[in-house]
Amino acid sequence: MRSRPACSRAEHGSPVCESGGVQPGDTTPPTDADRSDLSIGVGPYAGPWPADERLDPDLLAGGDRRNVVDEYRYWRQDAIVADLDARRHEFHVAVENWGHDFNIGSVIRTANAFNAKAFHIVGKRRWNRRGAMVTDRYQHEYHHPTVQDLVAWAGPHGEIHPGLPLIGIDNLPGSTAIELAELPRRCVLVFGQEGPGLTDEMRAACVEVLHITQFGSTRSINAGAAAAIAMHTWVRQHATI
Ligand SMILES: C[S@@+](CC[C@H](N)C(=O)[O-])C[C@H]1O[C@@H](n2cnc3c(N)ncnc32)[C@H](O)[C@@H]1O
């Protein structure tokens, strides 16, 4: 099987990265803590190796300590991505990245857990991968330098995915309770960063903004927690359980 290119360029000119991993110049490489923890995963494969091209000879020989579900033990990374590709959900996840918010990794990890179609980083290309726990390697990653680049990619006149609505997730004035909303099956769930939340430009680009209803005194919940609730709302409405 061939591995995917680390980076490609979309026709509309915005740089697009797929199946991220560590990008050139990224000084915050992911810590695959599980890889070195011998209490996690499985050791070398015992017995004759199965004849299955999805399996990685190095993992069979040395053991598999990666952060993957048991059914993917010993699988090659590109085989796992291909298997996930065959059943990805119809929602995308986008995160504004203007200030290296450390919460982004958590959002990306959850996008993997719920098998989002892809994730999108809007703003700075480099993002803090630590909290992603290497889950970004099994996903499709797009980078959009500006909000307008994301709009061009997804909006009604977008060339690649025309008409994919941007759904803002933030507790802003005029937003609707997500608990009462019906999420479109095909959509991009867009999250803001700690502090400012969604930018005015992103807010204007969204067809609607949904908030997670709160009952306490804090202004907001953690962006990673909010992303998990929003993605799970999509799952509850559309996924086959
Ligand atoms: C810390 S919040 C930002 C700001 C927030 N709008 C405020 O007024 O303080 C960072 C991000 O987390 C998400 N978030 C946090 N609490 C949320 C909530 N109750 N409903 C929806 N999204 C929320 C949003 O994506 C938001 O952009």
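Derivation of every value follows stated rules applied to the coordinates shown; laboratory data play no part. Remember, predicted model here, so these are calculated numbers, not experimental data. Quick reminder, even Gly has a Cβ in these numbers, built from the backbone with ideal geometry, and neighbours come from all protein chains shown.
Computed packing ranks the peptides 121-131, 49-59 as 121-131, 49-59, most packed first, by mean other Cβ atoms within 10 Å. Equivalent ellipsoid of region 33-83: semi-axes from √(5λ) of the C-alpha gyration tensor, largest first, are 17, 14, 8 Å. Sequentially through region 138-149, phi angles give Karplus couplings (6.51, -1.76, 1.60; θ = phi - 60°) of 9, 10, 9, 10, 10, 10, 10, x, 9, 4, 4, 5 Hz, Gly and Pro residues having no value and appearing as x.
Rounded to whole numbers, the Karplus 3J(HN,Hα) couplings from phi for region 80-92 are 5, 4, 4, 5, 5, 4, 5, 9, 5, 7, 8, 9, 9 Hz, using 6.51 cos²θ - 1.76 cosθ + 1.60 with θ = phi - 60°, and x at Gly and Pro.
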